[in-house]
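The next block holds one structure in the form of structure tokens; read it before the comments.
The values are calculated or read from the model by the stated rules, or taken from the named source; none is laboratory data. Everything quoted here is computed from the prediction, not taken from an experiment. Ideal geometry is used to build each Cβ from the backbone, glycine not excepted, and the neighbour counts take in all protein chains shown. For the accessible areas, the whole protein counts, side chains as well, though only heavy atoms, and no ligand, DNA or RNA atoms are used. Shrake-Rupley method; radii C 1.70, N 1.55, O 1.52, S 1.80 Å.
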Amino acid sequence: MRALAACVMVLAATPLTAAPLDELGWLAGCWTAERGDSGSAEMWMAAAGASVLGMSRTVRSGRTVAHEFMQIVDGADGLTFIAMPSAKAPASFRAIRVEPRRVVFENPDKDFPQRGIYESPDDATLIGHIEGRHDGRDRRVDFTMKRAACPGSAR
């Protein structure tokens, strides 16, 4: 009987499933654009305080031409990706699928893009996709990135 009680106490103290944000640990770190100019990169912080924070910068001909602040928050409705791109209004996308090394966010009421997808086939690669309908046609843009040392980190 004591053994059964001990097992019940251990099971009660053990989470049955990992928190969804914890499943996005593979996203954390610094990523450089595979086909972008030097300085084009995306950075994601590890989960803390029910959020993951990120930012990106696109560089062309030595000048920053776009940037974006991003956050993934864990709320009552599950995970939500909030994008705050340069020169555009913020937009929110709800997670519709969270898999090992892949997450899909969607907002069917938004203009292009309606979906944002991150996936990481291995520890060194991050692929971001934006997709949806644009001018009556399906469109998809892929952003392949490679893991890099974060700026300012010891070398």
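Before moving on, here are some points about what is shown:
- Any hit, the range 116-139, residues being closer than 18 Å to Trp26 by Cβ and not in a strand (DSSP E or B): yes
- Only listed residue being within 22 Å of Gly25 (Cα to Cα) and touching a Phe, Trp or Tyr at 6+ places or on another chain (Cβ under 6 Å), chosen from Phe105, Phe143: Phe105
- Strands (runs of 3 or more DSSP E) fully within the range 14-94 that include at least 2 residues being without any contact (Cβ under 8 Å) to a residue 60 or more places away in the chain: 51-60, 63-75, 78-85.
- Filtering Phe112, Phe143 for residues that are among the aromatic types (Phe, Trp, Tyr) and either touching a Ser or Thr at 6+ places or on another chain (Cβ under 8 Å) or open to solvent by less than 50 Å² (accessible area, probe 1.4 Å) (or both) leaves a single hit, Phe112.
- Of the listed requirements (1) touching a residue at least 12 places away in the same chain (Cβ under 8 Å); (2) outside any loop (DSSP other than H, G, I, E, B); (3) under 24 Å from Pro20 (Cα atoms); (4) not hydrophobic (A, V, I, L, M, F, W, C), Pro113 misses just one: (2).
- Scanning the range 50-87 for residues that are among the aliphatic types (A, V, I, L, M), under 18 Å from the mean Cα position of the chain (by Cα), under 19 Å from Pro151 (Cβ atoms) and open to solvent by 50 Å² or more (accessible area, probe 1.4 Å) yields Leu53, Met55.
Let's see how each residue does on (1) touching a strand residue (DSSP E or B) at 6+ places or on another chain (Cβ under 7 Å); (2) open to solvent by 30 Å² or more (accessible area, probe 1.4 Å):
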position: Phe105; (1), (2): yes, no
position: Pro108; (1), (2): no, yes
position: Glu119; (1), (2): yes, yes
position: Leu126; (1), (2): yes, no
position: Asp138; (1), (2): no, yes
